[in-house]
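Read the structure below first, then the notes.
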Amino acid sequence: MLKVKDLMTRDLLTLAPNTTIREAAEILATEHVSGAPVVHNGKPLGMVSAGDLLEFIAALPADPDAVSGGREHGILDDHTVEEAMTRGPLTTITPEAPASRAAELMQAEQIHRLPVVEHGQLVGIISTTDLVKAIADRKLSYRTFVFP
């Protein structure tokens, strides 16, 4: 049986809760990822996605003084990931759980990434992309047996 640890990303991008909204947007864009766990001392506090950032930015008041003297500093530098992240209770999974359970949780919770936690510490992440790759590589499948 395929387990979460067989598919998860171990070398993952994380953000600190005090990362500014601007920094987070730049990091996600540069790393070509759509979201990341927000972590403090190895423990996941929440998740932040590009959608969370856009929703937060859209709710901010307009700031006409965002650019002054050729130096760009604005409202995005005054707010942090902690303000925009999706908070708990955070849905997590263990490395030993079946990969199919990760898919079930993502479907039930309507989420695209699931932190993998062991003894309270973040050890990886499994995403819908990881599951799709496993299906494409024929590593993960469901079989239905029909008996007369």
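Just so it is clear, none of the values below were taken in a lab; they were calculated from the coordinates. Predicted model, so just to flag it, every value in this text is computed and none were measured. Note: ideal-geometry Cβ built from the backbone for every residue, glycine included; neighbour counts use all protein chains shown.
Compute the angle between helix 99-109 and the longest alpha-carbon principal axis of the chain, please, reported from 0 to 90 degrees and rounded to the nearest 10.
Long axis of 99-109 versus the principal axis of the chain: about 50 degrees.
With labels modelled as points extended 7 Å from the Cα through the Cβ direction, what inter-label distance (nm, one decimal) is found for H112 paired with T30?
It is 2.1 nm.
Can you give me the pair-distance distribution of region 4-136, C-alpha pairs, 10 Å bins, whole percents?
Going from the shortest bin to the longest, the percentages are 12, 40, 30, 12, 5, 0.
For V117, V4, what ranking results if the residue with the fewest other Cβ atoms within 10 Å of its Cβ goes first?
V117, V4
Top mean-square fluctuation among L54, L45, L28, Gaussian network model of the chain, C-alpha springs under 10 Å?
So, out of L54, L45, L28, the one fluctuating most is L54.
Quick one: angle between helix 21-31 and the longest Cα principal axis of the chain, in degrees between 0 and 90, rounded to 10, please.
For helix 21-31, the angle is close to 50 degrees.
Around K3, which amide H atoms from residues at least 5 apart in sequence, or from another chain, sit under 5 Å from its own amide H, with H modelled in the peptide plane?
It is A99, by chain and number.
Taking amide hydrogens as modeled 1.01 Å from N in the peptide plane, which residues meet the under 5 Å criterion relative to T19, leaving out close sequence neighbours?
Here the answer is V81, E82, since their amide H atoms fall under 5 Å of that of T19.
With +1 assigned to the C-beta of every Lys and Arg and -1 to the C-beta of every Asp and Glu, and no other charges, what is the dipole magnitude of the chain about the Cα centre in debye, to the nearest 20?
960 debye
Rg to Rh ratio, region 1-44, alpha-carbon atoms and Kirkwood radius?
1.06
Which value, in debye to the nearest 20, describes the size of the charge dipole of region 2-52 about its Cα centre when Lys and Arg Cβ atoms bear +1, Asp and Glu Cβ atoms bear -1, and nothing else is charged?
For region 2-52, the charge dipole is close to 260 debye.
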